[in-house]
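The values are calculated or read from the model by the stated rules, or taken from the named source; none is laboratory data. Note that the structure is a prediction, hence the values are computed from the model and not measured. So basically every Cβ, Gly included, is an ideal-geometry build from the backbone, and we count neighbours across all protein chains shown. We work out accessible area using only protein heavy atoms, side chains counted, and drop any ligands, DNA or RNA first. Shrake-Rupley method; radii C 1.70, N 1.55, O 1.52, S 1.80 Å.
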Amino acid sequence: AVHIHSDRDCIYQEGHICNMRSENRDPDGLLMKQLDYYKENGYPENGGLYENGVLFRKNNKLVCSVNEQWWKHIEDWTTEDQISFTYVCSQNKNLKVYGIDDAICEHQPILITKKSEHFATIPRHWRNISNGYEQHSSYCI
């Protein structure tokens, strides 16, 4: 089980937003090449997107294989794990992914999923933890 992304439902939108966050995030253009590869292999726009902060996994052969495939995409492409996880899951038709609809946090001003009773908006200054985790530990959920 994994949380459905609270702000987007498209790996292509996520990729473009990742690129807009920082000029140095994808200097070699690997993310756009990765997205082109996924599109060429039939992954649709608005095909879903997960937040990978919490994953509940059953340790069996199929899940271990998916984990290995996911890691290979991270090694070969980029560390944008939400994008590669969603794609790899879609390529494993026997894998059942339970999407948790309730959002536990919000990253952007738009929220497309309903909030859980444990919902928290992550303050922008906390997302940049370069100042030290200890200073912002009260925001942990």
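Remark: the residue 21-residue 1 segment gains 4.4 nm on full extension, using 0.36 nm per residue and subtracting the alpha carbon distance.
Label segment 1-72 by shape, choosing from rounded, prolate and oblate, from the square roots a ≥ b ≥ c of the eigenvalues of the Cα gyration tensor; if a/c is under 1.5 it is rounded, and otherwise prolate applies when a/b is larger than b/c, oblate when it is not.
Taking the square roots of the gyration eigenvalues as a ≥ b ≥ c, segment 1-72 is prolate.
Expressed as a whole percent, the accessible surface of segment 1-97 that belongs to carbon and sulfur atoms is 49, based on a 1.4 Å probe. Distances between placed amide hydrogens fall under 5 Å for residue 100 paired with 2, 3, 4, all partners being 5 or more residues away or on another chain.
Rounded to the nearest whole Hz, the Karplus-based 3J(HN,Hα) values (6.51 cos²θ - 1.76 cosθ + 1.60, θ = phi - 60°) of segment 44-57 follow the sequence x, 5, 6, x, x, 7, 10, 9, 9, x, 9, 10, 9, 10, with x at glycine and proline.
Take the alpha carbon gyration tensor of segment 19-111, find the square roots of its eigenvalues, order them as a ≥ b ≥ c, and report rounded if a/c is under 1.5; if not, report prolate when a/b exceeds b/c, else oblate. Oblate, since a/c reaches 1.5 and b/c is not below a/b. Rounded to the nearest Hz, the phi-derived 3J(HN,Hα) couplings of segment 4-17 under the Karplus curve 6.51 cos²θ - 1.76 cosθ + 1.60 (θ = phi - 60°) are 6, 4, 7, 10, 9, 10, 9, 5, 6, 4, 4, x, 5, 5, where x marks glycine and proline. Simple rule: put +1 on each Lys or Arg Cβ and -1 on each Asp or Glu Cβ in segment 1-105, find the dipole, and look at 32, 50, 62; the Cα lying farthest toward the positive end is 62.
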